[in-house]
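Written out below as structure tokens is the structure these notes cover.
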Amino acid sequence: MLAKFSFLFTGLLLAFSVSASPQIENWQTANGTQVYFVKAQELPMLDIRLVFDAGAARDPKGGVALLTSSMLNQGTKNKDTDAIATAFDDVGAEFSSESERDMAVLSLRTLSKADALQPAIDTFVDVISQPSFPEKAFDRLINQVKTSLQSEKQSPSAIADRAFYQQLYGDHPYSAMPIGTEASINEISIADLQQFYKQFYVANNAVLVIVGDADIKQAKALSEKISGSLPAGKKAAALPEVESLETAQQKHLPYPSSQTTILMGQPGLTRDDPDFFPLYVGNHVLGGSGLVSIISDEIREKRGLSYSAYSYFRPMREAGPYQFGLQTRNDQAELALEVLNQTLVDFVDQGPTKEQLTAAQKNITGGFALRLDSNSKIADYLAMMGFYQLPLDHLETFNSRVNAVTVDQIKAAYQKRIHPQKMVTILVGGDAE
């Protein structure tokens, strides 16, 4: 029954609108974990994110980081997989985990009434601090990963994505896909996961986010309980900087399909990049605003070369990719790539018009409130802000910083940072009529 209430509240949260930026409280626990808290007592729920610097960039083999986060709720010293699932279900709580290149994120949504909250937190603490890494679950997850890797071979976009990151990042940790490879998966043991967990799932390497129905006294007690269940440990070492591309690189991977998948890009932004706003707003005009973007207009509307074409920055701890993409008929691939390249060259040279910039600013700022219209979305934003150590007024100043961007700033940032003649280009397809 409680689980049903949970789904009902999820729906209600989607309708909850924040008219102002949330008031963020920030502190550090006695064990060294940075905490970000927003009180939102309109609904009796709490959203929690526990974020570790334990993503694929820390992975010693390829697949260890992903499997470690996936194994946490598969058994503890006190409960097996079914008992953990039942413990969360009985109080209407939801637990999930995910592993990206930079971070591993453990999420808990629970009702805030004491008779539901305390059991949910107890189970959450058990999962994060006492994982047993049972062999049966490990074997099952390994088989699931192998199945996913086999499925990847049937996906031109997945093939292109893997080749793109390998070509873009070379020897940098960002080149590896979080899921690993068939070879790396075969070399992973439970001992690898236990060692990874021991090194990276520690209080000093974590950021904790609490959003919802609690006052600051309750939030501080919760943060001490969660952080205190972990060893203090050490913060992960800095990642190496991403090297700039020296020349253009193009790779064509034959695939028996009638469509060719094209990815193009270069290393782009860090989360705290000083050119973040000019490049972000500029890209919204160029390829980030869907069917009204310049790229979509040139590729789709004027020439009918693809149903969709896009570009986006993926800011990360170190320079994440600036990526362009489309799919087109094999016989149009060369023309589509030529148009994509020329559109970028023209934008770097000329920048947006004043009218295009104004439309982009209205679109970005007009939709910003929708990005914060639920506790879950606020928790996701705080997790990002805490992990990348963005200032506490990031949400409050976001729209004004977008509106302050000028055409000249976009042109200057693009001409300094974006190099159309040094792009990595991956084409997958071309073997079928």
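Would you call I190 open to solvent by 10 Å² or more (accessible area, probe 1.4 Å), closer than 30 Å to S112 by Cβ and touching an Asp or Glu at 6+ places or on another chain (Cβ under 7 Å)? Break it down stepwise before answering.
On the way: open to solvent by 10 Å² or more (accessible area, probe 1.4 Å): yes; closer than 30 Å to S112 by Cβ: no; touching an Asp or Glu at 6+ places or on another chain (Cβ under 7 Å): yes.
No; evaluated as a whole, the condition is false for this residue.
Take the residues in the stretch 313-337 that are outside any helix (DSSP H, G or I) and open to solvent by 70 Å² or more (accessible area, probe 1.4 Å); name whichever of them is farthest from Q166 (Cα to Cα).
It comes out as R329.
Give the residues of the stretch 285-299 that are open to solvent by less than 20 Å² (accessible area, probe 1.4 Å) and part of a helix (DSSP H, G or I), sorted by residue number.
Matches in the stretch 285-299: V285, L286, G287, I295, S296, I299.
Being without any contact (Cβ under 8 Å) to a residue 24 or more places away in the chain and either of a type outside the set (D, E, K, R) or surrounded by 23 or more Cβ atoms within 10 Å (Cβ to Cβ) (or both) is the filter here, so list the residues in the stretch 166-182 that pass it.
Correct list: Q166, S175.
Might you check whether a residue that is open to solvent by 20 Å² or more (accessible area, probe 1.4 Å), within 22 Å of the chain's Cα centre (by Cα), of a type outside the set (F, W, Y) and at pLDDT 95 or above occurs anywhere in the stretch 251-266?
no
Quick check: is even one residue across the stretch 98-105 in a loop (DSSP other than H, G, I, E, B), assigned by the TED database to the domain that holds V51 and touching a Lys or Arg at 6+ places or on another chain (Cβ under 8 Å)?
Pass one, the stretch 98-105, residues in a loop (DSSP other than H, G, I, E, B): 100-103.
Now narrow it down to the ones that are assigned by the TED database to the domain that holds V51: 100-103.
Checking which are touching a Lys or Arg at 6+ places or on another chain (Cβ under 8 Å) leaves us with 102.
Yes.
Filter the stretch 105-126 down to the residues that are surrounded by fewer than 21 Cβ atoms within 10 Å (Cβ to Cβ) and of a type in the set (G, A, S), then identify the one that is nearest to A85 (Cα to Cα).
S107
Assess whether L357 counts as being open to solvent by less than 10 Å² (accessible area, probe 1.4 Å), in contact with a helix residue (DSSP H, G or I) (Cβ under 8 Å, 6 or more places away or on another chain) and assigned by the TED database to the domain that holds G268.
Here the answer is yes, as L357 does meet what is asked.
For the stretch 34-55, check the following and say yes or no: at least one residue is open to solvent by 70 Å² or more (accessible area, probe 1.4 Å) and modelled with pLDDT of 95 or more.
Checking the stretch 34-55: at least one residue is open to solvent by 70 Å² or more (accessible area, probe 1.4 Å) and modelled with pLDDT of 95 or more.
Looking at A87, is it in a helix (DSSP H, G or I), in the same structural domain as V35 (by the TED database) and closer than 22 Å to I190 by Cα?
Against the criterion (in a helix (DSSP H, G or I), in the same structural domain as V35 (by the TED database) and closer than 22 Å to I190 by Cα), A87 does not qualify.
Looking at the stretch 14-34, I want the residues that are part of a loop (DSSP other than H, G, I, E, B) and have a partner that is open to solvent by 70 Å² or more (accessible area, probe 1.4 Å) and modelled with pLDDT under 95 with Cβ atoms under 6 Å, at least 6 apart or on another chain. Which pairs are those?
Qualifying pairs under 6 Å: S21/E396.
Of everything in the stretch 205-249, what is within 21 Å of the chain's Cα centre (by Cα) and open to solvent by 40 Å² or more (accessible area, probe 1.4 Å)? Give them in sequence order.
K235, A237, A238, P240, E241
The values are calculated or read from the model by the stated rules, or taken from the named source; none is laboratory data. What you see is a predicted model; the values in this text were computed from it and never measured. Methodologically, a virtual Cβ is constructed for each residue, glycine included, from the backbone with ideal geometry; neighbour enumeration extends over all protein chains shown. Note: accessible area is taken over every heavy atom of the protein model, side chains too, but ligands, DNA and RNA are not part of it. Shrake-Rupley method; radii C 1.70, N 1.55, O 1.52, S 1.80 Å.
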